[in-house]
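Remarks on the structure that follows.
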Amino acid sequence: MENIQRLVRRRGAAKGKVSRILNTIRPNGDEVVQLTEAEVKVYMTKLEAAYKDYNDAHDKIMDVVVDDEYEQHVPQYEEFDILHDTVSILLEEQLNKIKAATAVIDAATNVGRSNQNQQAPIVVHQPLRMPVPTFDGRYESWPKFKAMFKDLVDKGPDQPAVKLYHLDKALVGSAAGLIDARTINEGNYAHAWQILEERFENNRHAIDSHIHGLLNLKRMTKKSHLELRSLVDECSKHVEGLKFLEREFEGVGEDFVIHLLAAALHNDIRHMWESTIKHGELLITMRC
């Protein structure tokens, strides 16, 4: 584990990189400098690299700090998250303007070639007002990601090439780079989905991953509300994931989950919980 001071410096350096990109795009805090498409793509690459570096350092810090120090790091992450979103939106808006301008030129060229008086329709992409969900390559995360992404992006008016851009950006972790360069260059959004579905459209793997997660719930090491919250959140994630895959939990299945969760509780917390249960009452009253 890296020294915590070194991790804090690393986190600060990543934030500094994002701040410098913002100062380049918006040097006086108001007026936005117009960039070329190449410059936008370079800054997008740098932005995502800094984002990953910051999150990696921040996660390691949160793993080692004591409870009393935990809360003081939360506002710093929230501040960075707002900074990242601001820069990301500015860059995406710049890219959209460039694409819209290119569409206008192409449409005008087509009109001239066909010698038609009627101008071809132009679809101008509007920036998404909600953050695009991300997918990290875990089978258990795929069904929800697919449903959320298609609901947010597919129903919009954007061209397939713009939707492909959002999809490629949404792939992080082990899923990053799964869409090949040819598919991206051709703007083949349908083929990109085919690539992902052939690899991750496997409910058996997703169900196995959720069951494995429940069977390996991390036992609490101390009487801590943070550890308890983390344990309950982890349990809920797998239970809700299985329900999303239409796996029923009534009866024995629900009792089984309660048993696994109770076994992971700190002894003091488990005794406190069991003291609230009436004699003969099922453990079913405790839920993720």
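Could the peptides 68-74, 221-227, 78-84, 232-238 be put in order, highest first, of the mean number of other beta-carbon atoms found within 10 Å of their residues?
Working: 68-74: 11.0, 221-227: 12.7, 78-84: 14.9, 232-238: 16.6.
Per-residue mean Cβ counts within 10 Å order the peptides as 232-238, 78-84, 221-227, 68-74.
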Pairs beyond 26 Å (Cα-Cα), from LYS97/LYS150; LYS99/LYS150; LYS52/LYS150; LYS15/LYS150; LYS99/LYS155; LYS15/LYS223: LYS15/LYS150; LYS15/LYS223
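Just so you know, all these numbers are worked out from the coordinates, no wet-lab data involved. Keep in mind that this is a model prediction, so the values were computed, not measured. Every residue, glycine among them, receives a Cβ derived from its backbone with ideal geometry; neighbour counts consider all protein chains shown.
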